[in-house]
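A short write-up of the structure that comes next.
The values are calculated or read from the model by the stated rules, or taken from the named source; none is laboratory data. This structure is a prediction, so every number in the text was calculated from the model and none was measured. Using ideal geometry, Cβ is built from the backbone for each residue, glycine included, and neighbour counts are taken over all protein chains shown. Surface areas here come from the heavy atoms of the whole protein model, side chains and all, with no ligands, DNA or RNA. Shrake-Rupley method; radii C 1.70, N 1.55, O 1.52, S 1.80 Å.
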Amino acid sequence: VQLQASGGGLVQPGGSPRLSCAASGMNSADEGMGWWRLRPGKQREWVADVTKRGNTAYSDFAKGRFFIARDNAQNTVWLQMNALKLEDTAVYYCNRMPALSHLWGQGTQVTVSS
């Protein structure tokens, strides 16, 4: 079972990258799925999640800027990030809900810089 996060990179402030989380060895449609991030010098923090039924929840810093969605046909979960700020610089990870330690993977680095 593996979750592969991708789509990060160097983004200018105000940018709108879309992160993807591809699942293999599991059917993500059977799971609630979420995104977390790890900022420099901080602990990993929850960003957003989507239930099996498609209900979504967001952290305060993500509300109105980030949007999580799932594509069950592609076994993928997306995180659309808008209006990025410098403080959004982090490694972004996906995992099932609740998270399992062995599914964290390497994440995808998002660096917000002008």
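Before moving on, here are some points about what is shown:
- Number of positions in the range 1-34 that are more than 14 Å from Leu84 (Cβ to Cβ) and either open to solvent by less than 60 Å² (accessible area, probe 1.4 Å) or free of Cβ contacts under 8 Å to residues at least 60 places away in the same chain (or both): 18
- The criterion of at least 2 residues that are touching a residue at least 24 places away in the same chain (Cβ under 8 Å) is met, among strands (runs of 3 or more DSSP E) falling completely within the range 55-113, by 66-71, 76-81, 90-97, 108-112.
- Within the range 57-108, the only residue that satisfies the criterion of being in contact with a Ser or Thr (Cβ under 6 Å, 6 or more places away or on another chain) and either open to solvent by 60 Å² or more (accessible area, probe 1.4 Å) or at positive phi (or both) is Asn75.
- Failed condition for Ala23, given (1) closer than 13 Å to Leu3 by Cα; (2) at pLDDT 95 or above: (2)
- Residue match in the range 1-16 (condition: of a type outside the set (Gly, Ala, Ser), in a helix (DSSP H, G or I) and more than 18 Å from Ser114 (Cα to Cα)): no
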